[in-house]
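The values are calculated or read from the model by the stated rules, or taken from the named source; none is laboratory data. Quick caveat: nothing in here was measured; it's all calculated off a predicted structure. In this analysis, Cβ positions are derived from the backbone assuming ideal geometry, glycine residues included, and neighbour counts consider all displayed protein chains. When the accessible area is computed, the model is the full protein with side chains, heavy atoms only, and any ligands, DNA or RNA have been set aside. Shrake-Rupley method; radii C 1.70, N 1.55, O 1.52, S 1.80 Å.
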Amino acid sequence: MPKILINSVPKSGTHLLLQIILGIPDIIITPAWIIEDKDLDMINSCSVGPAHLIYSAERAKLISEKNIKVIFISRDLRDVVVSLVHFVMLNKWGNHPWTPYLNKLKTHEERLLTMIKGVDFTKEEQEEYGIANIPNIKKFAEDKLGWLQDPSVCPVTFEELMDNEELQNQSIMKIIDFLWSDLKYLNTTKLELIQKIKQNIIPEKSGTFRKGKIGDWKIEFSEAHKEAFKEIAGDLLIQLGYEKDYNW
């Protein structure tokens, strides 16, 4: 049985992918999230560790040496912005470092713009909020998107898993083929395994689930948000294949 690491940009569908992997018989989750390299030792055969690890060649080499298979999920960064603002404002666990600052902003529109453009705090604000800044969406995502360039990583997208059944089945099949050359150990067929996995996809049971929709940004973004995003991270949308140019 494989050792599995689920990695992502936050708010890209980490818990959705986790439900998929935990739908595989005998797979269990690690006792805690993988935050540092030393935490990789929590991933044993038959276990999956969720993470938001930054990419580096050294880290990729370490993971390879530990014989851990990495599945990376990404999402339209415009939807990441929307989901992130709602997540920070909900502050379900009461300890998100960005919540106090966003709470002081008067409108949802201001919060969206802040999450796109980021903010560097003055010394006084750093003392008040206990953090130096809120990164713009490009800085927030770019250091993790490097995993997509690693040929040993299995890439999937939130959209593939949520758009329609055909794409979902194809994406799950890709994950199965990535984890096993054959399924003799599991004593099942690929089609049977897909069905077992899909039965475990219950978004409402995720601790961070809100809507799970594709294209929510089209409802929430104003022209000002669009222009700011194009300036900050329009190039990333093109690189990731979500847009062909800046005319959106």
Å² of accessible area per residue within region 86-223, as computed with a 1.4 Å probe and no ligands counted: 60 Å²
Exposure rank, largest accessible area first [188, 122; 1.4 Å]: 122, 188
Kirkwood-based Rg to Rh ratio, region 74-115, C-alpha trace: 0.97
Hull-based mean projected area of the chain, where the convex hull spans the alpha carbons, in square nanometres: 14.2 nm²
Helix axis angle, 77-90 relative to the chain longest principal axis, alpha carbon, degrees: 80 degrees
In region 99-144, trypsin sites (Lys or Arg not before Pro) in a DSSP loop with at most 14 other beta-carbon atoms within 10 Å: 106
Accessible area of region 1-63 divided out per residue, in Å², using a probe of 1.4 angstrom: 39 Å²
Expected 222 nm ellipticity per residue - DSSP helices of 4 or more, -39500 (n - 2.57), all of the chain, to 500: -13500 deg cm²/dmol
Cα-projected label distance for residue 200 with residue 46, points at 7 Å along beta-carbon direction, nm: 1.3 nm
Accessible heavy-atom area order of 65, 227, highest first, probe of 1.4 Å: 65, 227
DSSP-defined antiparallel bridges as percent of all bridges, the chain, nearest 5: 10 percent
Distance between modelled label sites at residue 22 and residue 192, nm, 7 Å Cα→Cβ extension: 2.4 nm
Accessible-area composition of region 126-184, carbon plus sulfur, in percent [1.4 Å probe]: 47 percent
Pair residue 177, residue 32: separation of 7 Å Cα→Cβ label points (nm): 3.8 nm
Largest-first principal axis extents, alpha carbons of region 46-98, Å: 40, 24, 22
Rounded FRET efficiency, nearest 0.05, which uses the C-beta distance separating residue 185 from residue 39 and R0 of 30 Å: 0.70
Two-decimal Rg to Rh for region 159-248 - Kirkwood Rh, Cα set: 1.11
Net charge dipole size for the chain [Lys, Arg +1 and Asp, Glu -1 on Cβ; Debye, nearest 20]: 500 debye
